[in-house]
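K.L.:
For reference, the structure I am asking about is given below.
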Amino acid sequence: MIEMTRGRVVPLLTAFLAGLLLPVAAVAQTAFPARQIHLVLPAGAGTGVDIIGRIGAQRLSDVLGQPVVVENVVGASGVIGVQRVTRARPDGHTLLFTFNQTMTMNPHVVANLPYDPQKDLVPVSRFAASPFVWMVNTQVPVHSLAELIDDAKARPGKLAMGVTGYASAAYLGAQLLAVQTGAELLPVNYAGNFSADLLSNVVQLSMSPAAQVPSLLASGKVRALAQTGARRAAAMPDLPTVSETVPGYVIDAWYGVWAPAGTPADVVATLSEAWQKVAAMPEVRRQLAAVSAVPVGSSADALRTVVDDELKLWGQVVKARRIAPSQ
């Protein structure tokens, strides 16, 4: 029989417990990020989400000191890509980069949406923003937004407007205009780009992303009426905003970053600070300007506020216009 004195047992027990705790301590002290970041873009190559997301990803890698792998996960109006992130491990190494349609419009117009942007994701930063531009074919005898509104009120449903889906910002932008002014347009749904039909006057108008405007104007077959941002963009200083004619009408295409719900607060803070640093880089500002966007670089709380406000706005518009969610 082996006997141990109390003096020998206590040191041995202490050493044993310390050995058990070492792996836990090592995990707790691991600095973030510990490995490459996966940035999920729920949109195809060449889209605004893709172009602007890749601008940010390139510099984020420099700030965090880890590779940033961009993944385009397309399908179902962005739903599949969002789910890829909501189901990921909440440790900050898988992030969602998307635009406001995914987060503030889809919840009101897509039936059975399998994610809740306020519960299943944690805001990180609003990275960049870009206005839309109301454009009209030159065969239409209107030269200002006020004239367009008057025409649409006098001839409700006669002016056809191209939209890429009834969940799109352009479609809801037309509904907001109707709520605020009584102007009734005729949305025509396209599965893809309808620019050719706009140029040939098959559809008379559009609310186009600012990045598409230069090439459309170069055709000489359309004219720009107004931009939708809160103030005139530096790239379009002579083009009035919609709100100069219709106070309170503001729609931006803005792009932000989210992490899965449950991501630790300190990791979210690190990520938010990193994205803000990226947005402040002069080179990033130049790259964004080339696609008619401007950097924002907001805090996580500021992004949360924007999402909450827009969810309320589009909920009110959908209710006022009695828009049924699509399957």
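The values are calculated or read from the model by the stated rules, or taken from the named source; none is laboratory data. Because the structure is a prediction, the values reported are computed rather than measured. No Cβ is skipped: glycine too gets one built from the backbone with ideal geometry, and neighbour counts run over all protein chains shown. Accessible surface areas use protein heavy atoms only, side chains included; no ligands, DNA or RNA. Shrake-Rupley method; radii C 1.70, N 1.55, O 1.52, S 1.80 Å.
K.L.:
When you look at residue 14, is it within 30 Å of residue 317 (Cβ to Cβ) and either buried (at least 16 other Cβ atoms within 10 Å of the Cβ) or at pLDDT below 95 (or both), yes or no? Working first, answer last.
P.N.:
Values: within 30 Å of residue 317 (Cβ to Cβ): no; either buried (at least 16 other Cβ atoms within 10 Å of the Cβ) or at pLDDT below 95 (or both): yes.
Against the criterion (within 30 Å of residue 317 (Cβ to Cβ) and either buried (at least 16 other Cβ atoms within 10 Å of the Cβ) or at pLDDT below 95 (or both)), residue 14 does not qualify.
K.L.:
A follow-up question, please. Hey, could you check the stretch 244-292 for residues that are under 18 Å from the mean Cα position of the chain (by Cα) and hydroxyl-bearing (Ser, Thr, Tyr) and say which is nearest to residue 55 (Cα to Cα)?
P.N.:
Residue satisfying both the conditions and the ranking: 255.
K.L.:
Here's a check for you: in the stretch 151-171, which residue that is over 25 Å from residue 192 (Cβ atoms) and crowded, with 16+ Cβ neighbours inside 10 Å is nearest to the chain's Cα centre (by Cα)?
P.N.:
My answer is 152.
K.L.:
Would you please list the contacts, defined by Cβ atoms under 7 Å and residues six or more apart or on different chains, that run from a residue in the stretch 142-171 that is over 29 Å from residue 255 (Cα atoms) to a residue that is exposed (fewer than 14 other Cβ atoms within 10 Å of the Cβ) and at pLDDT 95 or above?
P.N.:
153/182
K.L.:
Next question. Looking at the stretch 196-215, which of the residues that are surrounded by fewer than 19 Cβ atoms within 10 Å (Cβ to Cβ) and of a type in the set (Ser, Thr, Tyr) is farthest from residue 314 (Cα to Cα)?
P.N.:
200
K.L.:
Something else now. Looking at residue 186 and the list (1) in contact with a strand residue (DSSP E or B) (Cβ under 6 Å, 6 or more places away or on another chain); (2) within 24 Å of residue 292 (Cα to Cα); (3) open to solvent by 10 Å² or more (accessible area, probe 1.4 Å), which single condition is not satisfied?
P.N.:
Of the numbered conditions (1) in contact with a strand residue (DSSP E or B) (Cβ under 6 Å, 6 or more places away or on another chain); (2) within 24 Å of residue 292 (Cα to Cα); (3) open to solvent by 10 Å² or more (accessible area, probe 1.4 Å), the odd one out for residue 186 is (2).
K.L.:
Then there's this: Any idea which of 183, 174, 211, 169 is touching a helix residue (DSSP H, G or I) at 6+ places or on another chain (Cβ under 9 Å) and closer than 14 Å to residue 152 by Cα? Reasoning before the result, please.
P.N.:
Numbers: 174 fails: touching a helix residue (DSSP H, G or I) at 6+ places or on another chain (Cβ under 9 Å); 211 fails: closer than 14 Å to residue 152 by Cα; 169 fails: closer than 14 Å to residue 152 by Cα.
Unique residue meeting the criteria: 183.
K.L.:
Just for strands (runs of 3 or more DSSP E) wholly inside the stretch 175-278: which have at least 2 residues that are within 22 Å of residue 306 (Cα to Cα) and not basic (Lys, Arg)? So that I can check it myself, show each step before the final result.
P.N.:
On the way: elements: 186-189, 205-209, 222-227, 252-260.
Filter on the stretch 175-278 gives 205-209, 252-260.
K.L.:
Restricting the stretch 36-50 to residues that are of a type outside the set (S, T, N, Q), out of contact with any Phe, Trp or Tyr (no Cβ under 9 Å at 6 or more places or on another chain) and modelled with pLDDT of 95 or more, which is surrounded by the fewest Cβ atoms within 10 Å (Cβ to Cβ)?
P.N.:
38
K.L.:
What is the residue count in the stretch 100-129 for residues that are modelled with pLDDT of 95 or more, more than 14 Å from residue 86 (Cα to Cα) and in a loop (DSSP other than H, G, I, E, B)?
P.N.:
Total meeting the criteria: 0.
K.L.:
In the stretch 268-327, what residues are on the phi > 0 side of the Ramachandran plot and not basic (Lys, Arg)? Before the answer, list the steps.
P.N.:
Step one: filter the stretch 268-327 for residues on the phi > 0 side of the Ramachandran plot, giving 292, 297, 322.
Of everything in the stretch 268-327, those that are on the phi > 0 side of the Ramachandran plot and not basic (Lys, Arg) turn out to be 292, 297.
K.L.:
Among (1) open to solvent by less than 10 Å² (accessible area, probe 1.4 Å); (2) out of contact with any Leu (no Cβ under 7 Å at 6 or more places or on another chain); (3) of a type in the set (Gly, Ala, Ser), which single condition is residue 174 missing?
P.N.:
For residue 174, the exception is condition (2).
K.L.:
Take the residues in the stretch 55-99 that are assigned to a strand (DSSP E or B) and in contact (Cβ under 8 Å) with a residue 60 or more places away in the chain; name whichever of them is most open to solvent (accessible area, probe 1.4 Å). Explain how you work it out, then say what you get.
P.N.:
Taking the stretch 55-99 as the starting set, the residues that turn out to be assigned to a strand (DSSP E or B) are 68-72, 94-99.
Among the residues that remain, those that are also in contact (Cβ under 8 Å) with a residue 60 or more places away in the chain are: 94-99.
Working: 94: 17, 95: 0, 96: 0, 97: 0, 98: 1, 99: 55 Å².
Checked the stretch 55-99; the qualifying residue most open to solvent (accessible area, probe 1.4 Å) is 99.
K.L.:
A follow-up question, please. Which condition does residue 139 not pass, out of (1) within 29 Å of residue 213 (Cβ to Cβ); (2) crowded, with 19+ Cβ neighbours inside 10 Å, if it passes all the others?
P.N.:
Among (1) within 29 Å of residue 213 (Cβ to Cβ); (2) crowded, with 19+ Cβ neighbours inside 10 Å, residue 139 violates only (2).
K.L.:
Given (1) touching a helix residue (DSSP H, G or I) at 6+ places or on another chain (Cβ under 6 Å); (2) among the hydrophobic types (A, V, I, L, M, F, W, C); (3) surrounded by fewer than 16 Cβ atoms within 10 Å (Cβ to Cβ), where does residue 226 come up short, assuming only one miss?
P.N.:
For residue 226, the failing item is (3).
K.L.:
If you don't mind, another one. Out of the residues in the stretch 230-289 that are closer than 30 Å to residue 317 by Cβ and of a type in the set (D, E, K, R), state the one that is most open to solvent (accessible area, probe 1.4 Å). Spell out the reasoning first.
P.N.:
Going through the stretch 230-289, the residues closer than 30 Å to residue 317 by Cβ turn out to be 230-261, 272, 275, 279, 288.
Checking which are of a type in the set (D, E, K, R) leaves us with 231-232, 238, 244, 252.
Working: 231: 179, 232: 103, 238: 137, 244: 102, 252: 40 Å².
Taking the candidates together, the pick is 231.
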